[in-house]
Amino acid sequence: MSISLPVGFRVAGVHAGVKHDDGKLDLALVATDRPATAVGVYTQNLVFAAPVALDRQRTPSDQIRGVVVNSGNANACTGDRGYRDAEQMAALAAAAIGATPEQLLVMSTGVIGRFLPMEKIEKGIAAAGQQLGVSDAHLVAAAQAMMTTDTRHKLATASFTARGKTFRVTGMCKGAAMIGPNMATMLAVVMTDAALAPPDAQRALQAAVSESFNAISVDGHMSTNDTVLLLASGAADAKPLLAPDDRAAFGRALAEVCRELARMIPADGEGATHLVTIDIEGAADRASAHRIAKTIAESALVKTAIAGADPNWGRIVSAAGYAGVPFDPSRVDLRLNGFLLYEAGSPVSFDAAEVSRSIREHRDTSIVLTLGEGDTRLRFWTTDLTAEYVRLNADYTT
């Protein structure tokens, strides 16, 4: 399926000059042709950026007309001036699309602790307002304008049927590092042409985020700016989805888009050579499974073992053991890339060279840990840890 905009949205991505890299797109604008329902899920970091503060105040709402996004500068830890700058971004974007300032949301990503270059932002928003469109090229440009250290733009789409009509859900996100759940630095805007009541939209988004953006980690570092916004234009059908089956169909499509976007983030992790999928099976409950998966995902020893194609299963099992979740070690099984390495709490014979080769020759790595405590299953994504990750982050601001 081609990734296209849902009905009722226009987007643009332009070069405003916020980034030091000449010519790179760094400002995106999303606009609706009518007031839309908008809800958000935000970082749980006590130190949060000015755009997060502004968007929290403005969502949930059924009167939002757009989102303006800049990359290259997080507008975080910038005090009162930072909040005023976020308000000014919203006002400028509102003027560009014929809305009121309160109808715009703001997202920023990039370096923390620097004030926005508002003259460049103002010119960029004006240019974006003139370039709004509905083509696939417009959507790609908007997604590219959100990127910081990402190596590629990230888009996903799904469709669903309700009341005999087909609706589209399309999302774009950015993220490659400073990724830790609750929420993963990452930003995402998800759009649908269905109509949703704000409470229903909020519940659906929180459920989708729980199994997607909150199930990834690159380095365990929770950002100041993490935001996922859902906008529902109602342009395909102005009647809100109220029937349980219709809301469930939308929820499945939304979850599909969020999972695909979330997976793209560690797949594009800074310096990463492996995307690691961790499956926890047989957990007592979801919270236990999530905590164990997150602990394994953020273990520097596990991550470096994968980077070195070292089937050092002891690092994985011991990480599960210090996650703070009670389980019986004698019931634990572990498979790496399908190879059984540990069964019923004891090591098994395996060909270490063969397992190492399977890691080294494939970018995707699978860890399956079976606990034997219940019926809960959970999937989590992370990356390996390489010297290139250290170099990129050591040199990030200098």
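Cβ under 10 Å from A232's Cβ, A232 left aside: what net charge do those residues give with Lys, Arg +1 and Asp, Glu -1?
-3
What net charge do the residues around A255 carry, taking every other residue with its C-beta under 14 Å from that of A255, with Lys and Arg at +1 and Asp and Glu at -1?
Charge balance in the 14 Å sphere: +3.
Could you tell me whether the range 32-181 comes out rounded, prolate or oblate from its Cα gyration tensor? Rule is a ≥ b ≥ c as square roots of the eigenvalues, rounded for a/c under 1.5, then prolate if a/b exceeds b/c, otherwise oblate.
Rounded, because the longest to shortest axis ratio a/c is under 1.5.
Give the total of Lys-Lys pairs in the chain with Cα-Cα distances below 26 Å; include a pair only if its members are 8 or more places apart or on different chains.
For the chain, the number of qualifying lysine pairs is 19.
Does the range 283-362 come out rounded, prolate or oblate by the C-alpha gyration tensor, with a ≥ b ≥ c the root eigenvalues, rounded set by a/c under 1.5 and, if not, prolate when a/b is larger than b/c and oblate if not?
It is oblate, given that a/c is not under 1.5 and a/b is not larger than b/c.
Take the eigenvalues of the Cα gyration tensor for the chain, scale each by 5, and report the square roots as semi-axes in whole Å, largest first.
They are 38, 24, 17 Å, listed largest first.
For the range 1-44, what is one quarter of the convex hull surface built on the Cα atoms, given in nm²?
Its average projected convex-hull area is 5.7 nm².
Between Y322 and N393, how many nm apart are label points set 7 Å from Cα along the C-beta direction?
That separation, rounded to one decimal, is 1.7 nm.
Show me the three semi-axes of the equivalent ellipsoid for the range 16-91, from the C-alpha gyration tensor (sqrt of 5 times each eigenvalue), largest first, rounded to whole Å.
21, 18, 11
Would you mind telling me the share, in percent, of accessible area of the chain contributed by carbon and sulfur at probe 1.4 angstrom?
So the carbon and sulfur contribution to the accessible surface is 50 percent.
Would you mind counting up the charge near T273? Only other residues with Cβ under 14 Å from its Cβ, with Lys and Arg at +1 and Asp and Glu at -1.
-3
Given a Förster distance of 41 angstrom, what is the FRET efficiency for Q57 paired with S346, based on the Cβ-Cβ distance and rounded to 0.05?
0.15
Order L336, L385 by their accessible area, 1.4 angstrom probe, all chains in place, largest first.
Reading off the accessible areas and sorting them downward yields L385, L336.
Over the range 320-372, how many percent of alpha carbon pairs lie in each 5 Å bin up to the one with the longest distance?
Cα pair-distance distribution for the range 320-372, in percent: 4, 19, 25, 22, 14, 11, 3, 0.
Averaging over every viewing direction, what projected area does the convex hull of the Cα atoms of the range 215-316 cover, in nm²?
Averaged projected area of the range 215-316's Cα convex hull equals 9.4 nm².
What does the charge dipole of the range 122-279 about its Cα centre add up to, to the nearest 20 debye, if the Cβ of each Lys and Arg holds +1 and the Cβ of each Asp and Glu holds -1?
Its charge dipole is roughly 340 debye.
Nothing charged except the Cβ atoms of Lys and Arg (+1) and of Asp and Glu (-1): what's the magnitude of the dipole of the chain about its Cα centre? Round to the nearest 20 debye.
That gives the chain a dipole magnitude of about 660 debye.
Which value, in Å², gives the accessible area per residue of the chain when a 1.4 Å probe is used on the protein heavy atoms?
For the chain, the per-residue accessible area is 39 Å².
Going by the alpha-carbon gyration tensor, a ≥ b ≥ c the square roots of its eigenvalues, is the range 243-382 rounded (a/c under 1.5) or, if a/c is not under 1.5, prolate (a/b greater than b/c) versus oblate?
oblate
Would you compute, from DSSP H runs of 4+ residues alone, the mean residue ellipticity of the chain at 222 nm, taking -39500 (n - 2.57) per run and dividing by the full residue count, rounded to the nearest 500?
-10500 deg cm²/dmol
For A248 and R379, what is the calculated FRET efficiency with R₀ set at 22 Å and r taken between the beta-carbons, to the nearest 0.05?
Computed FRET efficiency for A248 and R379: 0.60.
The values are calculated or read from the model by the stated rules, or taken from the named source; none is laboratory data. This one's a predicted model, so the numbers in the text were calculated from it and none came from an experiment. When we count neighbours, we look across all protein chains shown, and the Cβ atoms used for this are built from the backbone with ideal geometry, even at glycine. Accessible surface is based on the protein model in full, side chains and every heavy atom, while ligands, DNA and RNA are left aside. Shrake-Rupley method; radii C 1.70, N 1.55, O 1.52, S 1.80 Å.
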